[in-house]
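Chemist: Let me give you the structure first, and then I'll get to my questions.
Derivation of every value follows stated rules applied to the coordinates shown; laboratory data play no part. The structure presented is a predicted model; accordingly, all values stated were derived computationally and were not measured. Please note: Cβ atoms are built from the backbone with ideal geometry, for glycine as well, and neighbour counts cover all protein chains shown.
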Amino acid sequence: MQYLLDTANLDAIKKAYNFYPMDGVTTNPTIISNENRNFLDILKDIRNIIGEESMLHIQAVSTNAEKIVEEAEYLHQIIGGNLYIKIPVIPEGIKAMKILKDKGIKITATAIFTAQQALMAAMAGAEFVAPYVNRIDNISGDGAFVVNEILQLFKHYNLDSKVLAASFKNVQQVHSVSLAGAQSVTVNPEILDKMLEHPLTDWSVNQFINDWENIYGIGKLTLDV
Ligand code: G3P
């Protein structure tokens with residue numbers, strides 16, 4: 001499993017990279033707009049925090065293939081590092097994916113709601129496909145089932161593309177796509193923290209500390225010399 005953080009909030013990114021086994025950061029135009037400052041500064045700051053090797057997925061905002069390609073090349077010049085250009089699975093997006101694939105630029109197909117969209121994007125050269133699990137669930141669909149279908153299609157057609165499951169509102173959705181075999185998930189900072197939360201874990205840790213300190217005093221195992 002690869003964990004990515006779906007945010008442009010610098011404090012949240014610093015915290016996640018400090019505590020958790022992170023593989024990257026994903027953004028989209030909404031996420032970047034939420035920060036309400038110069039978008040290139042935000043993206044450069046994120047790259048500085050996560051380093052050159054960590055994945056950074058940045059979404060194109062144009063809806064015309066040639067303009068998407070321009071944006072992708074620009075982002076490569078300005079931001080660089082292990083960069084993925086997120087492109088929605090509209091016809092102009094698929095065209096842009098084919099062009100960028102030939103230029104050796106890595107692509108994440110996004111705004112995916114069906115397995116057929118994911119298959120088309122993979123055939124066009126996307127390295128990752130991002131199905132929107134919670135948005136599918138919200139319209140009486142089954143996001144985890146769509147992830148399952150995508151994985152079956154990729155296996156069936158022997159495709160190397162990977163699932164980057166996105167749009168989660170609870171830990172159970174993350175669990176469902178993990179069981180299905182999604183290679184990666186991108187979650188917001190709240191969900192990332194919640195993935196570890198359990199009241200009995202906290203209760204157990206507190207009990208261990210109390211029992212230890214009742215006998216040995218200070219709560220540490222190392223001996224003072
Ligand atoms: O990256 C796509 C994802 O951010 C969409 O998530 O929570 O807005 O449905 P959400």
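Chemist: Please compute the alpha carbon radius of gyration of region 2-198, then divide it by the globular-protein estimate 2.2 N^0.38 Å. Two decimals is fine. Can you show the working numbers first?
Modeler: Values: Rg = 15.7 Å, N = 197, 2.2 N^0.38 = 16.4 Å.
Compared with the compact-globule rule of thumb, region 2-198 sits at 0.96.
Chemist: For region 22-124, taking Cα atoms only, what is the radius of gyration to one decimal and the Dmax to the nearest whole Å?
Modeler: Cα-based Rg and Dmax for region 22-124 come out at 13.2, 37 Å.
Chemist: Here's a follow-up. Cα atoms only: what Rg and Dmax, in Å, come out for region 128-225?
Modeler: In Å, with Rg to one decimal and Dmax whole: 20.5, 63.
Chemist: What residues have an amide H closer than 5 Å to that of Thr110, excluding those fewer than 5 places away on the same chain, when H is modeled at 1.01 Å from N in the peptide plane?
Modeler: Under 5 Å from the amide H of Thr110: Ile87, Val89, Ala130.
Chemist: In addition: Of the peptides 126-136, 102-112, how do they stack up when ordered by the mean number of other Cβ atoms within 10 Å, highest first? Mind dumping the intermediate values first?
Modeler: On the way: 126-136: 24.2, 102-112: 20.3.
Answer by packing, highest mean first, reads 126-136, 102-112.
Chemist: Of the listed peptides 78-84, 37-43, 186-192, 26-32, what is their order by residue-averaged count of other C-beta atoms within 10 Å, with the highest listed first?
Modeler: Per-residue Cβ counts within 10 Å, averaged per peptide and sorted highest first, yield 186-192, 26-32, 78-84, 37-43.
Chemist: At 222 nm, what value in deg cm²/dmol follows for the chain if DSSP H runs of at least 4 each add -39500 (n - 2.57) and the sum is divided by all its residues, to the nearest 500?
Modeler: Values: 11 runs with 119 residues, N = 225.
Mean residue ellipticity, 222 nm, calculated: -16000 deg cm²/dmol.
Chemist: What lysines does Lys15 reach when the alpha-carbon gap must be under 19 Å and sequence neighbours fewer than 8 apart in one chain are set aside?
Modeler: In chain and number order, the partners are Lys44, Lys194.
Chemist: Right, another one. Among the DSSP beta bridges whose two residues both lie in the chain, what percent are antiparallel, rounded to the nearest 5? Could the numbers behind the result be given before it?
Modeler: Working: 0 of 27 bridges.
Here the share of antiparallel DSSP bridges comes out near 0 percent.
Chemist: Further, regarding this structure: Between region 141-161 and region 50-65, what's the alpha-carbon centroid distance in Å?
Modeler: 23 Å
Chemist: Sort all Cα-Cα distances of region 103-168 into consecutive 5 angstrom bins from zero, then give the percent of pairs in each bin up to the one containing the longest distance.
Modeler: 4, 21, 33, 22, 13, 6, 1, 0
Chemist: Most fluctuating residue of Ala144, Ala16, Ala118 in a GNM of the chain with Cα springs under 10 Å: which is it?
Modeler: Between Ala144, Ala16, Ala118, it is Ala16 that shows the largest mean-square fluctuation.
Chemist: Cα axis of helix 91-102 to longest principal axis of the chain: angle in degrees, 0 to 90, nearest 10?
Modeler: On a 0 to 90 degree scale, this one is about 80.
Chemist: Compute the acute angle (0 to 90°) between the alpha-carbon long axis of helix 199-216 and the principal axis of greatest extent of the alpha-carbon atoms of the chain; round to the nearest 10°.
Modeler: Between helix and principal axis, roughly 30 degrees.
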